[in-house]
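Working notes, beginning with the structure itself.
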Amino acid sequence: MIGQQLLNALMLGSNYALVAIGYTLVFGILNMLNFAHPNVFALGGFLLFAGVASLALPFPLAVLLVIVGGVVLGLATELFCFRPAEHLHDELAPAISSVAFALVLTEVVAKVWGSEPRRLPPLVGGASFDLGLFQVSTIQLVILILSFGLMLAVDWMLYRTRAGYALRAVAERRDVAQLLGVNVRATVVLAFALSGVLAALAGTLLAMRLGLADPNVALSYGLRALAVMVIGGLGNVRGAMLAGLLVGLVDVMTLAFLSQAYSGVAAWVLLLLVLLFKPSGLLGTRLQRESI
Amino acid sequence: MLDPSVFLLMGVNILMGWSFYVILMSGQFSFGNAGFMALGAYTAGVATVKLGLPLAVGLLIAVVVGAAIGWLVGLPALRIRGVYLALATIAFAFLVENLFINLDYTGAQVGFYGMSGTTLPLVYALVVALGLLLLRLQHSRLARSLQAVRENEVVASTLGLNTTYLKLLSFSTGAAFASLAGALYAHYIYFISPELFGFFQSIWPAFYVAIGGPETVIGPILGAAVVTLLPEYFQPLKEWRLLVFGLTVMALIAVRPQGLYTRRMQERLVQGVLALVGRARRRTPETLVSPKVAEPPFHN
């Protein structure tokens, strides 16, 4: 039983982590919150639904559709919400514009797929493996491998590639990075594209786990990932991974041993505790400068 | 012709907009004002329905409770700022929502009903009174001190300002505004339930301020008017209206990220009116308009 719960925690936690990395990429670079992110996350599930159910594509092609959708939505967020207010150095206007974009995305989902969750067709064969402590089905295995593969890929990209160096340099000191020849504009755009892809893929993975594409995950899981971002340390990708797993564990345990009434609150209580006792987050070393 | 109830809601929304604006005056973001709104709605509701007190007393209790809890929440929250505080307030709003979902005394998830008595004149009397108060304070020593805290807290504290007190004051005043708005709202719609005070209820005040303009008292009024009335005028669009509304807001912010009504416009307007009245020579404009605060020479 406990083994099964740990497996659930691992899957939920890696999902939180992926969404939180997307938040943190944008926040690390612009110091701004992107409230359209949770809706791109929810839309990821529906793009998978469109791919495998409506268009009857094979699974890999459907994932490709999700990736393309994520890139497009990430770029659209940057272009329509964040770029127009760039010259003002004001944090409120872009944040609110991204909320408006979130509203638009919610409406689009409701128009195209309705406001009720849509059931996905079975994706992978139903064989399950007994590993002593717990049973794991093929689809759960696929989800776990994809989630952790994605996290490792992001980590590798950030710490081992030129684009990753550029991202971290711009996050550290934008002006100095520019002086050193980093193309800041391209880096910002890259951060949004990457964040969009991660959100959409996380939404796809969640939809695969739940077996349905649900528009309500934006306000539940999607917002909780915001708490995960801070718990891990703002702008810290490895912290977001660790915090995601931690919050996933706490979430699953509250659901299993306390009551359903408190399951959604665990992440927020954890956030307040972290802010009270270690405001820089679990792996954060410095406090973000005073901006949103 | 629009329904009068829309204007009542607009008044409540103006108060919510000011609750965000007042907290922003000290440079802090609160995305949890629905939490204070819920507290105001429920405490005033309990006061009038369960205890049988008159509405005026209920409103007063809501204001006091809102300010007190704002103060208490603000105390630990002052260790943190910027996005940390914004997220802490989101967490606070979620906790309050969860509290009322689980609190059987006020009907838990089902909701709490029986509140009545909010009228259009009552709402606008309060809006006008509080608006005049805020306008009166706009060029006061207090407002200037808050502005100093917002521009640069370190500099403000070296100038001898008690930044902790100023931030707490603005936070708890904002909380009181939201609480009052919640109490008025509850006594208008008769029936309240926890999901009325969800995340979006916290975000709307930020909409009003961002759209109307964060620099002036008038800005949030304009923003609340736009956000409340636009969906009404979009009625003919039927089920497309929220989509069009979202796109309109995005377009508005893209075209005027500084808000519809800025301090510059206000200064020009004041000068224009004064010139028109012919008093420009007797009172120098400098004493009436606020000077632009110079950019601090360094960023930390």
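Would you mind stating whether B:THR164 is of a type in the set (Ser, Thr, Tyr) and part of a loop (DSSP other than H, G, I, E, B)? No, not satisfied. Residue pairs whose Cβ atoms lie under 6 Å apart, separated by 6 or more positions or on different chains, with the first residue in the stretch A:85-110 and more than 8 Å from chain B (Cβ to nearest Cβ) and surrounded by fewer than 22 Cβ atoms within 10 Å (Cβ to Cβ) and the second among the small types (Gly, Ala, Ser) and in a helix (DSSP H, G or I), do not occur. From the list A:LEU152, A:LEU141, A:LEU158, the one residue that fits, being part of a helix (DSSP H, G or I), of a type outside the set (Ser, Thr, Tyr) and farther than 26 Å from A:GLY239 by Cβ, is A:LEU141.
Among the residues of the stretch A:119-132, is there at least one that is surrounded by fewer than 19 Cβ atoms within 10 Å (Cβ to Cβ), outside any helix (DSSP H, G or I), in contact with a strand residue (DSSP E or B) (Cβ under 8 Å, 6 or more places away or on another chain) and basic (Lys, Arg)? Scanning the stretch A:119-132 turns up at least one residue that is surrounded by fewer than 19 Cβ atoms within 10 Å (Cβ to Cβ), outside any helix (DSSP H, G or I), in contact with a strand residue (DSSP E or B) (Cβ under 8 Å, 6 or more places away or on another chain) and basic (Lys, Arg). Answer yes if at least one residue in the stretch B:53-72 is within 9 Å of chain A (Cβ to nearest Cβ), within 19 Å of the chain's Cα centre (by Cα) and closer than 28 Å to A:LEU271 by Cα, and no otherwise. No: the stretch B:53-72 contains no residue that is within 9 Å of chain A (Cβ to nearest Cβ), within 19 Å of the chain's Cα centre (by Cα) and closer than 28 Å to A:LEU271 by Cα. Taking the criterion of being facing chain A (nearest Cβ under 7 Å), in a helix (DSSP H, G or I) and not hydroxyl-bearing (Ser, Thr, Tyr), the residues of the stretch B:77-89 that qualify are B:VAL83, B:ALA86, B:LEU87, B:ALA88.
Screening the candidates A:VAL182, A:VAL176, A:VAL142 for the property of being more than 12 Å from A:LEU25 (Cα to Cα), surrounded by fewer than 17 Cβ atoms within 10 Å (Cβ to Cβ) and touching a residue at least 12 places away in the same chain (Cβ under 8 Å) yields one hit, A:VAL142.
In the stretch A:207-288, counting only helices (runs of 4 or more DSSP H) that sit wholly within it, the ones holding 2 or more residues that are among the aromatic types (Phe, Trp, Tyr) span A:266-277. Exactly one residue among B:ILE211, B:ILE221 is buried (at least 20 other Cβ atoms within 10 Å of the Cβ), part of a helix (DSSP H, G or I), within 14 Å of chain A (Cβ to nearest Cβ) and under 18 Å from the mean Cα position of the chain (by Cα), and that residue is B:ILE211.
Here's the yes/no breakdown for (1) within 14 Å of another protein chain (Cβ to nearest Cβ); (2) among the acidic types (Asp, Glu); (3) over 22 Å from B:VAL65 (Cβ atoms):
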residue: B:VAL96; (1), (2), (3): yes, no, no
residue: B:LEU134; (1), (2), (3): no, no, no
residue: B:VAL149; (1), (2), (3): yes, no, yes
residue: B:ALA156; (1), (2), (3): yes, no, yes
residue: B:LEU161; (1), (2), (3): no, no, yes
residue: B:TYR165; (1), (2), (3): no, no, no
residue: B:THR173; (1), (2), (3): no, no, no
residue: B:LEU180; (1), (2), (3): no, no, no
residue: B:ALA183; (1), (2), (3): no, no, no
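Readers should treat all values here as calculations from the given coordinates under stated rules, not as data from a laboratory. If you're wondering where the values come from, they're calculated on a predicted model, not measured in any experiment. Every residue, glycine as well, gets a Cβ built from its backbone with ideal geometry; the counts of neighbours run over all protein chains shown.
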